[in-house]
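J.: A single structure is presented below for examination.
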Amino acid sequence: MKDTVKRLTSVIDDLLTRDLQAIDWDSKASPDRWSRKEIMGHLIDSAQINLHRFIRCTYQEGFKLTYDQVEWVEIQHYQDEDINEILELWRLLNFQIIRVWKNYPVDRLTAQCDNSKTEISMHTVEWLAVDYVEHMKNHLNKVY
């Protein structure tokens, strides 16, 4: 988990040291695509859901926790919000995830939960953590 903590810390630092004011946060390639602001909103939603998964896996196993990403972004109106507030919430949620990971019980790293909407798809905490960082990096590549 230490390596995953370092990778997430690096991803956070990479975004926050960029010239964020130079990024066009509001434009959309098409009406059915997310703006960069909405991508960050999606990453906030992902952080919230995954934080719950990581916490629950410390004491529970085999539960299912999913969300409807398009609906969550739409309902929360990220497009209408101040980008600085969105970035601050993203930063704070990810610092909380790091805090949880740094103190994670070693004997619970292999605990599993189901993160699939359709068929059962069980994954360990370690897998979820690595996947969380990769998912974030993939989306942030669309922001830069």
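J.: Only one of the listed values, (i) -0.33, -0.88; (ii) -0.28, -0.87; (iii) -0.23, -0.77, was derived from the coordinates as log10 I(q)/I(0) by the Debye sum over Cα atoms at q = 0.09, 0.16 Å⁻¹; which label is it?
T.: Computing log10 I(q)/I(0) by the Debye sum over Cα atoms at q = 0.09, 0.16 Å⁻¹ and matching it to (i) -0.33, -0.88; (ii) -0.28, -0.87; (iii) -0.23, -0.77 gives (ii).
J.: Let's test the formula: R0 of 30 Å, r as the Cβ-Cβ distance of LEU109 and ASP26. What FRET efficiency results, to the nearest 0.05?
T.: E between LEU109 and ASP26, to the nearest 0.05, is 0.15.
J.: Ranked highest first by the average count of other Cβ atoms within 10 Å around their residues, in what order do 69-81, 36-48 fall?
T.: Highest mean packing first, the order is 36-48, 69-81.
J.: What is the set of long-range amide H partners of GLN112 at a cut-off below 5 Å, with H atoms built 1.01 Å from backbone N?
T.: GLY62
J.: In the neighborhood of ILE98, defined by Cβ-to-Cβ distances under 13 Å, what is the net charge if each Lys or Arg adds +1 and each Asp or Glu adds -1?
T.: Net local charge, ILE98 excluded: +4.
J.: Ok, one more. Using just the alpha carbons, could you tell me how many Å³ per residue the convex hull of segment 76-131 encloses?
T.: Given the Cα convex hull of segment 76-131, per-residue volume reads 103 Å³.
J.: Below 14 Å Cα-Cα, how many Lys pairs turn up in the chain? Only count pairs eight or more apart in sequence, or on different chains, if you could.
T.: Going through the chain pair by pair, I get 7.
J.: How big is the dipole moment of segment 71-127 about its Cα centre under a simple scheme where the beta carbon of each Lys and Arg is +1, that of each Asp and Glu is -1, and everything else is neutral? Debye, nearest 20, please.
T.: Magnitude of the dipole: close to 480 debye.
Readers should treat all values here as calculations from the given coordinates under stated rules, not as data from a laboratory. Values in this document were obtained by computation on a predicted structure and should not be read as measured data. Don't worry about glycine lacking a Cβ; one is built from the backbone with ideal geometry, like all the others, and counts go over all protein chains shown.
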